[in-house]
Amino acid sequence: MNNESKRLRIIVNCAIFAAITAILAQIEIPLPLVPISGQTLAVGLTATILGSRQGAIAMIGYAAIGAIGLPVFAGFSGGVQVLVGPTGGYIVGFVAAAYFTGFILEKTKFSIPWALVANTVGMIITLLFGTVQLKYVMDLTWTQAMAGGVYPFLIVGLIKAFLSSWIGIIVRERLIHAHLLKNNHKDAA
């Protein structure tokens, strides 16, 4: 495969996972300050399947298409106002979460146990970014920000971390087997 084909495959993979994130973002359970949505599940799947670099690129793409106004964020919202609003820190955190989740897997092994560790770290990163922005935008105390931006998401976050690990590793293995994803890492998927 030549370099042009490789680049095209990377662009297509990143675009597909940005679209999956946009779709899963519409599955949401409303809460007082921050809704529970399928976005973080998509971030975990993206990083588990694509790895650090492509996972982060996919999340940058997702944030960018939302920033220009396409309704891809939770609740069919979009625009820069979402990124600078109370919940925007979570979306910005998706980029770092995808990168570090994929990075951990690349440095260890693409396996369900390691993916669970990596996705748990990714969940913590997302919650950290989101809570910091929530606190400052809403002028909350740290206790209020944690109560509204972290505690309601811990159990559901661990469930999503498990699901994205389990589903992500299986999908990754199948994509590699079908020659739709290249395995560039020391451990076979």
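Going residue by residue through segment 108-131, is there one that turns out to be part of a strand (DSSP E or B), farther than 16 Å from Cys14 by Cα and of a type outside the set (Val, Ile, Thr)? No, there is no match, as no residue in segment 108-131 is part of a strand (DSSP E or B), farther than 16 Å from Cys14 by Cα and of a type outside the set (Val, Ile, Thr). Selection of segment 140-155 for residues being under 18 Å from the mean Cα position of the chain (by Cα) and of a type in the set (A, V, I, L, M) yields Val150, Leu154, Ile155.
A Cβ distance below 7 Å, combined with a sequence gap of six or more or placement on separate chains, defines the contacts here; from segment 159-185, residues that are within 21 Å of Ala97 (Cα to Cα) reach residues that are of a type in the set (Ser, Thr, Tyr) and assigned to a loop (DSSP other than H, G, I, E, B) in the pairs Ile169/Ser111. Taking every residue in segment 55-66 that is among the hydrophobic types (A, V, I, L, M, F, W, C) and pairing it with any residue that is part of a helix (DSSP H, G or I) and modelled with pLDDT under 95, at least 6 positions away or on another chain, the pairs with Cβ-Cβ distances below 9 Å are Ile57/Ile10. Within segment 90-113, if we keep just the residues that are farther than 11 Å from Gly55 by Cβ and touching a Lys or Arg at 6+ places or on another chain (Cβ under 9 Å), the residue that is surrounded by the fewest Cβ atoms within 10 Å (Cβ to Cβ) turns out to be Lys109. In this structure, is Val156 part of a helix (DSSP H, G or I), farther than 14 Å from Tyr90 by Cβ and among the β-branched types (Val, Ile, Thr)? For Val156, the condition - part of a helix (DSSP H, G or I), farther than 14 Å from Tyr90 by Cβ and among the β-branched types (Val, Ile, Thr) - is not met. Residue check: Val82 meets all listed conditions (1) surrounded by 20 or more Cβ atoms within 10 Å (Cβ to Cβ); (2) closer than 23 Å to Val171 by Cβ; (3) free of Cβ contacts under 8 Å to residues at least 24 places away in the same chain but one, namely (2).
Restricting attention to segment 112-135, the residues being without any contact (Cβ under 8 Å) to a residue 40 or more places away in the chain and either closer than 27 Å to Val82 by Cα or under 15 Å from the mean Cα position of the chain (by Cα) (or both) number 7. Restricting segment 14-50 to residues that are in a helix (DSSP H, G or I) and of a type in the set (Ser, Thr, Tyr), which is surrounded by the fewest Cβ atoms within 10 Å (Cβ to Cβ)? Residue satisfying both the conditions and the ranking: Thr40.
The values are calculated or read from the model by the stated rules, or taken from the named source; none is laboratory data. Values in this document were obtained by computation on a predicted structure and should not be read as measured data. Methodologically, a virtual Cβ is constructed for each residue, glycine included, from the backbone with ideal geometry; neighbour enumeration extends over all protein chains shown.
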